[in-house]
Amino acid sequence: MEMKRLVLGFLLAAGLSAAGATPAQDKLPIVATTTDLRSLAEAVGGNRVNVTSIVPPNTDAEEYQPRPQDINRIREAKLLLRIGADYDLWLDRLAAQANRPELRRGGERYVDCSFGIALLDVRGAQVGPAAGHAHASGNPHYWLDPANAEMITAVILEALARNDPANAKYYEGERLKFLDRLSTKMREWERRLTPAQGKPLIAYHNSWSYFARRFRLNFAGAIEPRPGVPPSPSHLAALVNLMQSQQVRLIVRQPHEPAKTADFLAGKTGAKVVLLAASVGAVPQAKDYIALFDYNTETLASALR
């Protein structure tokens, strides 16, 4: 906790002490790789920013194939925000094609929002098709712990204050208002999910480690044996045995994940399939970062009643 406070203090001091820029006449154009970072950047930037995201809602960002218009978006950006942690590796090639050195790794307008996050599931990298999504740096779905929004928004605030110092105080105030609202919501979400604590669940993809840690949930297994690797018949048979022995009642999948395998397991075990959103916009109710957790906690709590 003390280290976290030191990191936050450093970021804020660096950004808020910047000087030498003139007041912005137009909204600051920002490009984020995902809808989640877009929502958090909008929370900090308020009406002084115009944020767009590259990956459409309900799309696997790790498998995303950039389009020519994405390069044009980046060329106009004053800040480029990424998830990092090997989640949006395609961005490096895209930024290089945009021919904007300041938006590449280490550039003054490049922002890796995983800075300062304690990543889970760190393990050695595997190579080859069977490796699926290489998560050597750790599980990249860190935004699904809402407590991590404090560090993510601090990183965004520092970048905004450094690149638009005339509005630094405004950005700081917007972030504090957002964190106040988030703190109130956290207590609500924790109360809502208290009955779900410890009950075994099955997920399709290993997206929920941070969500599970925050709300004390028990994901006993995953349909994918490794992230991005389809299940084999033997793996599915082992999951059926696990679900029956542990009396797993819920299977969690995201809207873009195939329903067939989850429905097969549900038919074999009597479990229910529940649709959760791992990103803003994945379902209509998850219209922003706060609404994402409103939807997920209420959906999960209702399914377990």
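Given the conditions (1) in contact with a Gly (Cβ under 8 Å, 6 or more places away or on another chain); (2) open to solvent by 40 Å² or more (accessible area, probe 1.4 Å), and given that Val273 satisfies all but one, which numbered condition is not satisfied?
(1)
Does Ile202 satisfy the criteria of being among the β-branched types (Val, Ile, Thr) and out of contact with any Pro (no Cβ under 9 Å at 6 or more places or on another chain)?
Here the answer is yes, as Ile202 does meet what is asked.
How many of the residues making up segment 164-210 are modelled with pLDDT of 95 or more, small (Gly, Ala, Ser), surrounded by 19 or more Cβ atoms within 10 Å (Cβ to Cβ) and over 21 Å from the mean Cα position of the chain (by Cα)?
1
Between a first residue in segment 91-119 that is closer than 17 Å to Ser53 by Cα and aromatic (Phe, Trp, Tyr) and a second residue that is modelled with pLDDT of 90 or more and buried (at least 20 other Cβ atoms within 10 Å of the Cβ), which pairs have beta carbons less than 9 Å apart while being 6 or more apart in sequence or on different chains?
Tyr110/Leu79; Tyr110/Leu80; Tyr110/Leu81; Tyr110/Arg82; Tyr110/Ala95; Tyr110/Leu103; Tyr110/Ala159
Out of everything in segment 278-305 that is open to solvent by less than 10 Å² (accessible area, probe 1.4 Å) and not hydrophobic (A, V, I, L, M, F, W, C), what residue ends up being nearest to Ala61 (Cα to Cα)?
Applying the filter and picking the extreme gives Tyr289.
Would you mind telling me which numbered condition in (1) in contact (Cβ under 8 Å) with a residue 40 or more places away in the chain; (2) open to solvent by 30 Å² or more (accessible area, probe 1.4 Å) Ile251 fails?
(2)
Report, by residue number, each residue of segment 190-205 that is of a type outside the set (Ser, Thr, Tyr) and either touching a helix residue (DSSP H, G or I) at 6+ places or on another chain (Cβ under 6 Å) or closer than 20 Å to Arg226 by Cβ (or both).
Arg192, Leu193, Ala196, Pro200, Leu201, Ile202, Ala203, His205
The values are calculated or read from the model by the stated rules, or taken from the named source; none is laboratory data. Fair warning: this is a prediction, and the values are worked out from it, not measured in the lab. Cβ atoms come from the backbone with ideal geometry, glycine included; neighbour counts cover every protein chain shown. Just so you know, the surface numbers come from the protein's heavy atoms only, side chains and all, with ligands and any DNA or RNA stripped out. Shrake-Rupley method; radii C 1.70, N 1.55, O 1.52, S 1.80 Å.
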